[in-house]
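The values are calculated or read from the model by the stated rules, or taken from the named source; none is laboratory data. In this text the structure is predicted, and so the values were computed from the model without any measurement. To get the accessible areas, we keep the full protein, side chains included, count just its heavy atoms, and leave off ligands, DNA and RNA. Shrake-Rupley method; radii C 1.70, N 1.55, O 1.52, S 1.80 Å.
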Amino acid sequence: MTLKEIANEAGVSISTVSRVINNNTKAASKDVQDRIWEIVRRTGYVPNTSAKSLKCGTDQNLDNHSRSLACLFARTPNAVNDLFFSTLAKSIEQEAFKQNYILKYSFASFDLSNPNTYHLITDNHVDGVAVLGRCDKPTLKFLKQHFHYVAYTGLNGIEANYDQILCDGFSAGVSAVEHLIGLGHKKIGYIGETSSEIRYSGYLKALSDHGLPVKDAYVASVPLSSDGGYKGAKELVERHTDITAVFCGNDITAIGAMRAIKDEGLSIPGDLSVISIDDIDTAQYLSPMLTTIHIPIEEMGQTTAKILIDRINKGHTLPMKITLPYYLANRESCARR
């Protein structure tokens, strides 16, 4: 596959393809960029490294390794429907491509018991794997057995001697709840996962620090999904609690929760304020626009690819832990009490 062939299939010029795969986000619309990257991924296109070296005036002694990576989706069985993890993976792929690596395949931890997935991993050797989202001990053991180089990225740190690129989900959770408290809310609900979930721990910490009530009736323990958010919000409303605001574990959960709140005949933020974490692209197009904690998803992906490739190339040996900052994206779904 050549640039010309990619351009022909995508229906664009060669220069547009070149700019897109060199991470020029202004080179084309999002649909065109997605179409180009789909072709690159499907065909396994790798840039002409020798030509690139001559153009840059460098002399690269290329190794004989495959110059390829894999992605493990540890928290979700279907990353296509999860904008946070799909955006993270796309950012990793694009940054890797800039460094002449390809994303050879992706798989989910839920599929590790599947023989087809196992053969995919053992038959398609890659140089390293990027782990997206917190994983359990059996998955960590599997990674140790099958991959020499591993980099992890997510909101929860893991107990493993791997490079970790993080955005502190605990502190983000504290900040989200403190924003509600600053608006005068004293009875705040939570919708999302609770077991070993630091965003929930952040919720509890913020309430405790401000001497506010922590009640089981205020908490809906549900999966981080739109369906989970819908069920969780409906559950809280039907309990007839006196909450005036809810903190959702992520934006996808908040989207489901907002739909349920409206279906129950309540208004946002008039009856209930809603805040969450992630700031996926959809958040600013909701009605009302979702107030959320912005996580630097694309930068997390870029840094993960850079650190993983640097380790593969023996650029560092000690485990690195890099924490990226977050900020409040203050929009319309929260109001003063």
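In the context of the full protein assembly, residue 332 retains an accessible surface of approximately 90 Å², using a probe radius of 1.4 Å and ignoring ligands and nucleic acids.
Length gained on full extension, residue 136 to residue 284: 50.0 nm, using 0.36 nm per residue less the C-alpha separation.
With the helix formula -39500 (n - 2.57) applied to DSSP H stretches of n ≥ 4, the chain reaches a computed 222 nm mean residue ellipticity of -13000 deg cm²/dmol. Here the translational diffusion coefficient of the chain follows from Stokes-Einstein with Rh set to the Kirkwood radius across Cα pairs; for 10 °C and 1.306 mPa s it amounts to 74 µm²/s. Across the accessible surface of the chain, with the other protein chains kept in place and a 1.4 Å probe, carbon and sulfur atoms take up 49 percent.
Tell me, what is the percent relative contact order of the chain, built from C-alpha pairs under 8 Å that lie six or more residues apart? Don't skip to the answer; put the middle values down first.
Details: 628 pairs, mean separation 54.5, N = 337.
Normalised by residue count, the contact order of the chain is 16 percent.
How large is the Kirkwood hydrodynamic radius of segment 272-332, in angstrom, based on all distinct alpha carbon pairs? Spell out each step's value before the answer.
Working: mean 1/r = 0.0734 Å⁻¹.
In segment 272-332 this quantity evaluates to 13.6 Å.
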